[in-house]
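Q: Below you'll find the structure I mean.
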Amino acid sequence: MTVDVKVLDGGFSTQLAMHVNDTIDGDPLWTSKFLYYNPEAIYKTHLDFLRAGSDIIETNTYQASVSGFVRYLNKTKEESLELIKLAVDLAKRAVIRYKEEVKDLDVSNREPLIAGSIGPYAAYSHDCSEYTGKSCNKFDSIESIIDWHKPRFEALVNTRVDLLAIETIPCANEAIALTNLLKQYPDIKAWISFSCKSDGKSIVDGSNFKETVLQCYRSVYPGQLVACGVNCLTPKAMTPLLKTISEKEINQFIPMVAYPNSGEKYSSTSFTWIKESDLHPPEEFIKEWLDLGVRYVGGCCRTNTQDIERISAEVKSWMKAHLNST
């Protein structure tokens, strides 16, 4: 039996830095400011990841929000939504170009998909609370969280992305709100990935990871969540979390998504990444994760096209071995 594994892209800001001569980390709009200042660099970054082997690229909308564009670029709501739509257009343009490049070549990602990136409210807060959970009490109800997310959510859905990437979610209440919002669009598929602690059991607001995943997965229509998992955590810390939602643990197969950072840790005071002494690259963990049930795998912060090439090679090796054993 053939198992379908999708290779995602890597850290957008890391690769984007190759194409811009400007500050990215520390800016309140992060990479989304380049939708206004340098859209061509965004297009080139998408193309880089496609050429590296990504089956799915994400739109540059993780930190894009109507609130953010109004506040930091002095845009109207309508202009802000146009920037979000532009992010999708740039990804589509890169896919069209890439498909032209490989039409006569033997590549595994001939039909790449586009995932509309939906980051947490914490990304707008610009206080690193996606890693601390500090923003989890900003809203007084699930409905108010939905109201904040809905403009970007609708803009991405209306541009007909292939699926949504609901990612780096630090709060159980925000995850519930976003899956409630997803259910309003029965034909739309998504994955959801969480910002987690390194304790092997918790998302950063302290909620139990396994329980939150199960609640989200079972709350939407069957097949609507294509995967649940973790992103932007060190590869080593991801494995125990993924094990808690493996088929062996919960007696149900839930496809998983995993895209770790490079293994470095981010300082919320200096806005810099700090290298750990015990650093293991993501590709060392890929085959174990695939055995656990990961079906969407890539990289997050501080990973680049070279990491995606290595991850893609590990995926191909695993799939070949899996095919030969069945």
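The values are calculated or read from the model by the stated rules, or taken from the named source; none is laboratory data. Quick caveat, the model's predicted, so the values are computed rather than measured. When we count neighbours, we look across all protein chains shown, and the Cβ atoms used for this are built from the backbone with ideal geometry, even at glycine.
Q: Quick one: which of Val213, Val230, Val226 is buried (at least 19 other Cβ atoms within 10 Å of the Cβ) and not in a helix (DSSP H, G or I)?
A: Going through Val213, Val230, Val226 in turn, the sole match is Val230.
Q: Going through the stretch 150-162 one residue at a time, which ones are surrounded by fewer than 22 Cβ atoms within 10 Å (Cβ to Cβ) and touching a strand residue (DSSP E or B) at 6+ places or on another chain (Cβ under 7 Å)?
A: Within the stretch 150-162, Asp162 is the sole residue that qualifies.
One line per residue, one yes/no per condition, for (1) on the phi > 0 side of the Ramachandran plot; (2) in contact with a Pro (Cβ under 7 Å, 6 or more places away or on another chain); (3) in a helix (DSSP H, G or I):
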residue	(1), (2), (3)
Ile84	no, no, yes
Val88	no, no, yes
Asp104	no, no, no
Glu130	no, yes, no
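Q: Can Ile42 be described as surrounded by 21 or more Cβ atoms within 10 Å (Cβ to Cβ) and free of Cβ contacts under 8 Å to residues at least 60 places away in the same chain?
A: yes
Q: Collect the residues in the stretch 311-325 that are within 14 Å of Asn109 (Cα to Cα) and hydrophobic (A, V, I, L, M, F, W, C), keeping them in residue-number order.
A: Of everything in the stretch 311-325, those that are within 14 Å of Asn109 (Cα to Cα) and hydrophobic (A, V, I, L, M, F, W, C) turn out to be Ile311, Ala313, Val315.
For every residue, the table says whether it meets (1) modelled with pLDDT of 95 or more; (2) closer than 18 Å to Thr244 by Cα; (3) acidic (Asp, Glu).
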| residue | (1), (2), (3) |
| --- | --- |
| Glu167 | yes, no, yes |
| Leu182 | yes, no, no |
| Asn208 | yes, yes, no |
| Thr212 | yes, yes, no |
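Q: Filter the stretch 132-157 down to the residues that are assigned to a helix (DSSP H, G or I), of a type outside the set (D, E, K, R) and free of Cβ contacts under 8 Å to residues at least 24 places away in the same chain and list them by number.
A: Of everything in the stretch 132-157, those that are assigned to a helix (DSSP H, G or I), of a type outside the set (D, E, K, R) and free of Cβ contacts under 8 Å to residues at least 24 places away in the same chain turn out to be Asn137, Ser144.
Q: Name the single residue that is farthest from Gly119 (Cα to Cα) among those in the stretch 133-162 being of a type outside the set (A, V, I, L, M) and in contact with a Gly (Cβ under 8 Å, 6 or more places away or on another chain).
A: The qualifying residue farthest from Gly119 (Cα to Cα) is Thr159.
Q: Shifting gears a bit: For Ser198, state whether it is in contact with a Ser or Thr (Cβ under 8 Å, 6 or more places away or on another chain), in a loop (DSSP other than H, G, I, E, B) and surrounded by 19 or more Cβ atoms within 10 Å (Cβ to Cβ).
A: no
Q: Test Val220 against the criterion of being at pLDDT 95 or above, within 20 Å of Ser54 (Cβ to Cβ) and either buried (at least 18 other Cβ atoms within 10 Å of the Cβ) or not charged (D, E, K, R) (or both), and give yes or no.
A: So Val220 does not fit the description; no.
Q: Determine if the stretch 176-192 includes at least one residue that is under 25 Å from Phe285 (Cβ atoms), touching a Cys at 6+ places or on another chain (Cβ under 8 Å) and among the polar types (S, T, N, Q).
A: Within the stretch 176-192, none of the residues are under 25 Å from Phe285 (Cβ atoms), touching a Cys at 6+ places or on another chain (Cβ under 8 Å) and among the polar types (S, T, N, Q).
Q: Given the options Ala175, Ala165, Ala115, Ala91, name the one that is of a type in the set (Gly, Ala, Ser), farther than 20 Å from Asp55 by Cα, out of contact with any Gly (no Cβ under 6 Å at 6 or more places or on another chain) and surrounded by 23 or more Cβ atoms within 10 Å (Cβ to Cβ).
A: Within the list Ala175, Ala165, Ala115, Ala91, the selection yields Ala175.
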